[in-house]
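See below for the structure under consideration.
The values are calculated or read from the model by the stated rules, or taken from the named source; none is laboratory data. Computed from a predicted structure; not experimentally measured. Note that we place each Cβ from the backbone using ideal geometry, even for glycine, and neighbour counts take in every protein chain shown.
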Amino acid sequence: MLQAILLGVVQGLTEFLPVSSSGHLVLVQQFIEIHGDELFFDLALHLGTLLPVLWVFRADIVRMLKAPVAEEGPVMQRPGLRLVAWILLGSVPTAAIGLAFEDVFEQLFSTPAALTVTFAVTGALLYASGRVPHGDKDEVTSTWWHALVIGIAQGLAITPGISRSGTTIAVALFLGMSRDYAARYSFLLSIPAIGGGFLLKLRDVSLDDVDVTATLVGMGAALVSGYLALILLLKLVKTGDFSKFCWYAWFAAFVSLVITLAG
């Protein structure tokens, strides 16, 4: 039960803070053995972190759902419809990369030695994001190719040690997007990615060896810690302190190196 809580907290905090949840789970699992069906437990944790996104961005989600009837003017000049279009467009390269290369990336990089490199790359992206001028692009002034570039970045972030939120927000800032929109778009874009990945892997789950209580506890821990981490990150992106997580990412790279050298 304590292991389930620990893994849930790790998933919740690192899913939203720009430090790579998959990389941290690889590190934690060097010391903790997951009992029962690992895939089912992993999916439960990801579902736990999806729920805070749906709640925090419920106003944007409702706006997008109402956009076809509530907004007026030319179709592609309606803010809500444009946001829907950019999320759908950004999801295409994410899905293509995930379906084609997820197993390859996880096999190549799911070791402490590889995490030394990928955590360092995440740190470099975060550091660079704090050195770019403040942009002003939003769903109205951004274009289709911005959505594609960020979608590709999100797809490549399936690599353990590469932060999904850190990468997509950093790339959005590099493209001149406002800090508020960069964060909103990053997390709205994560909804189809996390939800699609959940549904895709659900078919491979075996329910023969599932600890239901531990799974629910882990999911609850991921939900609560994920919500707190999401609120914190949104504030840090707006204040410009988001890039300071580079120091933590580089520390994680150092820890991965120590674990590698220690065998």
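Of all positions in the range 199-217, none carries a residue that is of a type in the set (Ser, Thr, Tyr), buried (at least 19 other Cβ atoms within 10 Å of the Cβ) and within 21 Å of Thr122 (Cβ to Cβ). Among the residues making up the range 122-155, those that are in a helix (DSSP H, G or I) and surrounded by fewer than 20 Cβ atoms within 10 Å (Cβ to Cβ) are Ala124, Tyr127, Ala128, Trp144, Trp145, Leu148, Val149, Ile152. For the range 15-26, the criterion of being of a type outside the set (Ser, Thr, Tyr), surrounded by 12 or more Cβ atoms within 10 Å (Cβ to Cβ), over 22 Å from the mean Cα position of the chain (by Cα) and assigned to a loop (DSSP other than H, G, I, E, B) is met by none of the residues.
Do the conditions hold for Gly226, that is, is it touching an Asp or Glu at 6+ places or on another chain (Cβ under 7 Å) and either buried (at least 23 other Cβ atoms within 10 Å of the Cβ) or among the acidic types (Asp, Glu) (or both)? Against the criterion (touching an Asp or Glu at 6+ places or on another chain (Cβ under 7 Å) and either buried (at least 23 other Cβ atoms within 10 Å of the Cβ) or among the acidic types (Asp, Glu) (or both)), Gly226 qualifies. Scoring Ala252 on the criteria (1) in contact (Cβ under 8 Å) with a residue 24 or more places away in the chain; (2) out of contact with any Phe, Trp or Tyr (no Cβ under 8 Å at 6 or more places or on another chain) leaves a single failure, condition (2). What do you reckon, is Ala67 touching a Ser or Thr at 6+ places or on another chain (Cβ under 8 Å) and over 22 Å from Ile150 (Cα atoms)? No. How do the pairs read when you match residues in the range 70-89 that are touching a residue at least 12 places away in the same chain (Cβ under 8 Å) with residues anywhere that are surrounded by fewer than 11 Cβ atoms within 10 Å (Cβ to Cβ) and assigned to a helix (DSSP H, G or I), using Cβ under 7 Å and keeping only pairs 6 or more apart or on different chains? Partner pairs satisfying both residue conditions: Arg82/Met76. Restricting attention to the range 88-114, the residues that are aliphatic (A, V, I, L, M) and within 17 Å of the chain's Cα centre (by Cα) add up to 6. With respect to (1) out of contact with any Pro (no Cβ under 8 Å at 6 or more places or on another chain); (2) more than 21 Å from Asp241 (Cα to Cα); (3) in contact (Cβ under 8 Å) with a residue 40 or more places away in the chain, the lone exception for Val140 is condition (1). Taking the range 66-115 on its own, how many of its residues are surrounded by 12 or more Cβ atoms within 10 Å (Cβ to Cβ), within 21 Å of Thr141 (Cβ to Cβ) and of a type outside the set (Gly, Ala, Ser)? The qualifying residues number 11. Against the condition closer than 23 Å to Ala59 by Cα, touching a residue at least 12 places away in the same chain (Cβ under 8 Å) and not small (Gly, Ala, Ser), how does Ile194 come out, does it pass? When the stated conditions are applied, Ile194 passes them. For Arg82, the stated conditions hold: it is under 21 Å from Thr168 (Cβ atoms) and either more than 16 Å from the chain's Cα centre (by Cα) or of a type in the set (Asp, Glu) (or both). Checking the stated criteria, Ala172 turns out not to satisfy the condition of being surrounded by 21 or more Cβ atoms within 10 Å (Cβ to Cβ), modelled with pLDDT under 95 and out of contact with any Leu (no Cβ under 8 Å at 6 or more places or on another chain).
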